[in-house]
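Asker: Quick one: the structure is below, questions incoming.
Quick note: the coordinates plus some simple rules give every number you see, no bench work behind them. These numbers were taken from a predicted model, which means no experiment stands behind them. Cβ sites come from the backbone with ideal geometry, for glycine too, and all protein chains shown count toward neighbours.
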Amino acid sequence: MQGNEACVEGAIAAGMRFFAGYPITPSTEIAEACSVRLPQVGGHFIQMEDELASMAAVIGASAAGAKAMTATSGPGFSLKQENIGYACIAELPCVIVDVQRCGPSTGLATAPAQGDYQQARWGTHGDHPVIALSPSSVSETYTLIIRAFNLAEKYRTPVIFLTDEIVAHMREGIEIPDPESLEICDRRVAGNDGAYKFAYRVPEGQIVPGWKPFGEGERYNITGLFHDYSGFPTNSNAMAQEEGSRLLDKINNNLADIIQVDEYKMEGAEFAVVCFGGTARAAAFAVDAARELGIRAGMWRPVTVWPFPEKELEEKLSGLKGIIMVEHNYGQMLREVSRVAAGRVKVEFIGCIDGTIIEPVRILDKLREVHENAK
Amino acid sequence: MPSELIYNYMRIDHLPHIWCAGCGNGVLTHDVVRAIDSLCNDPDRPIPREKVVIVSGIGCSSRAAGYLDFNSMHTTHGRAIAFASGIKIANPELTVVVITGDGDCAAIGGNHLIHACRRNIDLTVVVFNNEIYGMTGGQYSPTTPRGDKGTTAVYGVVDRPFDIAALAAGAGASFTARGDVYHVKETTELIRQGIRHKGFSLIDCRSVCPTYYGRKNKKGDAVQMLKWQKENGLPMKQYRALPPEQRADKYALGILSRNEYPEYTEEYQKIIEMAMAEKGKEK
Amino acid sequence: MAKVLVIETSWCKGCGICTAFCPKNALELVGEKVRLKNTNACVLCGLCELRCPDYAIYLKEVSK
């Protein structure tokens, strides 16, 4: 199965029943597969007139109660950003798949890259929460897209699924989990607690307001403006502060639940190769080769790439003599890693922006070099 | 206390609204309320009120959604029709009404407008067309007449305006009509028919903006602008009977086009049924 | 049932539309607020209600 197909199958298993998209390489197979598969399960696929419309339609479908997804690549991801911010403030769950490709603008449209990492965090304007997940294989694409939907519904927030051309177009055999074994999170529906007054109030003991489906009798307003508990726009600075903080806190106070890191041979490792998504395979290969040379190397891979797993990296620092950040860009996750390392562990960097992929030998050479220097 | 109708259908704790004195949007919003009320109370085919969704974009017009006591969604600038399409497709049982402005639907959102027309998705778009960007203080819009002034066209607008209803009809909308602020009963009836119409309907309603458009263009206050509408807004037949040289400022009120085309969500439902049946056979 | 004209003065923004289009000239603006200047002139046609942008004037049904 191809990565993009696994993305669709996993999403359907998670309950996705609405997809709106616009053709763009290298994500197009996702739209194609959705157009075939969604009507088979009673869902809806629509090809919208542009990227902005597909993001808007997804949020509209979410407001109507559907688990909804769109897929795009860099240029389209840029176009979707304003509406992603709308989903953040209006707290409408949805999943945005960004199959990263090379370059700014049209760049090298068919070549791999990971240059949207910081855009995934800061693409839309204003302070806002973000959850972004990045799979490194076809089978992980399947399981992780399910997690993306679960997190979106649980925290009522858009979740960015940051994949890349390598993983999206990779074909490998995968074992499809038994649907019964899957953990699926659905939106918590609020009780009828009085007309439209409290659609945006968080009940005691909950993380987010309960969901009130459109069309079922509770009339309330949804807006991209800061709003009061009923969803009506407000100009109150106090309310803006309260709501802005609540949006950030619902993520920041639940990092243990949201963050996922994959470690490979990190036990006793002195040198950590940090990577995410499509660079993981080369990194793991280099780690294996380094171990054979007697270099105590390991791979540390954020699966949740936003929020960045700061605490988890912090815990690794004391045992490390060096970090090598490997990513298909010129240093986007490097900023996060360096910030956490804060000079306590030297951070080396391997990147590329030419549409090629970083080969294991480059990582191995760097491991040998840092190992030599650390003696 | 307001009238029973306003009390029943608007969020009165947020009234009076933010629109300026004499703004046509208040009148058009009232028209929308009366149109929906008559459909909710239609003895033959009542529309359940809880199934009505109001969607709007950004601008003066789009503040209407928040005041209307339905499921309402105030979205991003230009994208109301795209959001509304997602709502309607995900739950075709809903009656979805979009309230938008000339800038919102014909400039930044023009692409969504023409494609929704082409798709013939069952939405009703009510355009509060005040020929200016009011919320930002009077910049010229895609419907500001040529030569008129705005804060970004102090020497007069150079480009030609859109006729939004004609644009929608050309793009394939199956119901297009024009109303205005002065002709209240006629406009309400057009909105009512538009909502009842199965397929994409657009009612281009000439609003009035005395604050930014009227004053800048020496068109007077709200009263003078409505008097102008009274004189120039003609029933379709009367307008068509005029020789072109006498049309000048005159405009046609009423239904401009009405066709029966297959509706998008109903057509897609057929695809779902076919795909599910085929998938069932595989098993 | 009979009808009476009700004015919600606090909602009136004084645009003058109702006074200008009242067919019986029964309304006037005083200090930017509408008021009924001639009760006998009002024929309860409701045109003011239809054209008021602020929902500040309307006909109400009352039992006699």
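Asker: Could you tally the net charge around B:V158, taking each other residue with its Cβ under 14 Å from the Cβ of B:V158, Lys/Arg +1 and Asp/Glu -1?
Answerer: On the way: positive: B:R146, B:K149, B:R160; negative: B:D148, B:D159.
That sum, taken over residues with Cβ under 14 Å, equals +1.
Asker: Using Cα positions and a limit of under 17 Å, work out the aspartates and glutamates in reach of C:K33, with same-chain residues fewer than 8 apart set aside.
Answerer: List returned: B:D221, C:E8, C:E49, C:D54.
Asker: Looking only at GluC sites (Glu not before Pro) in DSSP loops with at most 12 other Cβ atoms within 10 Å, what is the longest site-free stretch of chain B?
Answerer: B:94-259
Asker: Apply the Karplus parameterisation 6.51 cos²θ - 1.76 cosθ + 1.60, with θ equal to phi minus 60°, to every residue of the stretch B:81-88 and state each ³J(HN,Hα) to the nearest whole Hz, in sequence, with x for glycine and proline.
Answerer: 5, 5, 4, 4, 4, x, 4, 5
Asker: Compute the FRET efficiency between B:E267 and B:N41 as 1/(1 + (r/R0)^6), taking r as their Cβ-Cβ distance and R0 = 45 Å, and round to the nearest 0.05.
Answerer: Working: r = 31 Å, r/R0 = 0.68.
The value I calculate is 0.90.
Asker: Taking chain B as a Gaussian network, Cα atoms linked when under 10 Å apart, which of B:D163, B:D31, B:D69 shows the biggest mean-square fluctuation?
Answerer: B:D163
Asker: Can you tell me the relative contact order of chain C? Whole percent, Cα pairs under 8 Å, sequence separation 6 or more. Don't skip to the answer; put the middle values down first.
Answerer: On the way: 108 pairs, mean separation 30.4, N = 64.
The normalised contact order for chain C reaches 48 percent.
Asker: Another question, if that's okay. Determine the relative contact order of chain A: mean sequence separation of Cα pairs under 8 Å and six or more apart, normalised by residue count, in whole percent. If you can, show how the numbers build up before the last one.
Answerer: Details: 802 pairs, mean separation 58.2, N = 375.
Here the relative contact order equals 16 percent.
Asker: Just the ratio, please: alpha-carbon radius of gyration of chain B over 2.2 N^0.38 Å, N its number of residues. Mind dumping the intermediate values first?
Answerer: Values: Rg = 19.2 Å, N = 283, 2.2 N^0.38 = 18.8 Å.
For chain B, the normalised Cα radius of gyration is 1.02.
Asker: How far apart, in nm, are two points set 7 Å out from the Cα along the Cα-to-Cβ line at A:E314 and at A:Q118?
Answerer: The answer from the label model is 2.3 nm.
Asker: What FRET efficiency comes out for the pair B:Q246/B:V154, r = Cβ-Cβ distance, R0 = 41 Å, nearest 0.05? Could the numbers behind the result be given before it?
Answerer: On the way: r = 32 Å, r/R0 = 0.77.
The value I calculate is 0.85.
Asker: Find the relative contact order for the stretch A:262-374 and round it to a whole percent, using C-alpha pairs within less than 8 Å whose residues are 6+ positions apart.
Answerer: Numbers: 187 pairs, mean separation 35.5, N = 113.
Reported relative contact order: 31 percent.
Asker: Around A:Q81, what is the net charge, scoring Lys/Arg as +1 and Asp/Glu as -1 over all other residues with Cβ under 15 Å from its Cβ? Spell out each step's value before the answer.
Answerer: On the way: positive: A:K80, A:R121, B:R79; negative: A:D50, A:E51, A:E82, A:D98, A:D116, A:D127.
For residues surrounding A:Q81, the net value is -3.
Asker: Using a/c under 1.5 as the rounded threshold, could you call the stretch A:190-257 rounded, prolate or oblate? The axes a ≥ b ≥ c are square roots of the C-alpha gyration tensor eigenvalues, and prolate needs a/b larger than b/c, oblate otherwise.
Answerer: On the way: a/c = 2.27, a/b = 1.24, b/c = 1.83.
Oblate shape, in that a/c is at least 1.5 and b/c is the bigger or equal ratio.
Asker: Top mean-square fluctuation among B:I203, B:I164, B:I12, Gaussian network model of chain B, C-alpha springs under 10 Å?
Answerer: Of B:I203, B:I164, B:I12, the most mobile in the Gaussian network model is B:I12.
Asker: Can you give the FRET efficiency for B:A277 and A:R362, using 1/(1 + (r/R0)^6), R0 = 60 Å, r = Cβ-Cβ distance, to the nearest 0.05?
Answerer: Details: r = 53 Å, r/R0 = 0.89.
About 0.65, to the nearest 0.05.
Asker: Against the longest principal axis of chain A, how steep is helix A:138-155, in degrees 0 to 90 to the nearest 10, with axes from Cα atoms?
Answerer: 40 degrees
Asker: Could you tell me which GluC sites (Glu not before Pro) in the stretch A:261-365 are loop residues by DSSP with no more than 14 other beta carbons within 10 angstrom of their beta carbon?
Answerer: Working: sites: A:E263, A:E267, A:E270, A:E292, A:E310, A:E312, A:E314, A:E315, A:E327, A:E336, A:E348; in loops: A:E267, A:E270.
Of the GluC sites (Glu not before Pro), the ones in loops of the stretch A:261-365 whose Cβ has at most 14 other Cβ atoms within 10 Å are A:E267.
Asker: Here's another thing I want to ask about it. Taking the Cα-to-Cβ direction at A:N252 and at A:K197 and moving 7 Å from each Cα, how far apart do the two end points lie in nm?
Answerer: Reported label-point gap for A:N252 and A:K197 is 3.1 nm.
Asker: Take the alpha carbon gyration tensor of the stretch A:262-374, find the square roots of its eigenvalues, order them as a ≥ b ≥ c, and report rounded if a/c is under 1.5; if not, report prolate when a/b exceeds b/c, else oblate.
Answerer: On the way: a/c = 1.40, a/b = 1.03, b/c = 1.36.
Cα axes put the stretch A:262-374 in the rounded bin.
Asker: When chain B is treated as a GNM, springs tying every alpha-carbon pair under 10 Å, which of B:S257, B:S201, B:S56 comes out with the largest mean-square fluctuation?
Answerer: Sorting by GNM fluctuation, first place goes to B:S257.
Asker: Which chymotrypsin sites (Phe, Trp or Tyr not before Pro) in the stretch B:237-270 sit in a loop by DSSP (not H, G, I, E or B) and have at most 10 other Cβ atoms within 10 Å of their own Cβ?
Answerer: Answer by residue number: there is no such site.
Asker: Label the stretch A:3-181 by shape, choosing from rounded, prolate and oblate, from the square roots a ≥ b ≥ c of the eigenvalues of the Cα gyration tensor; if a/c is under 1.5 it is rounded, and otherwise prolate applies when a/b is larger than b/c, oblate when it is not.
Answerer: Values: a/c = 1.35, a/b = 1.05, b/c = 1.28.
Since a/c stays below 1.5, the shape of the stretch A:3-181 is classed as rounded.
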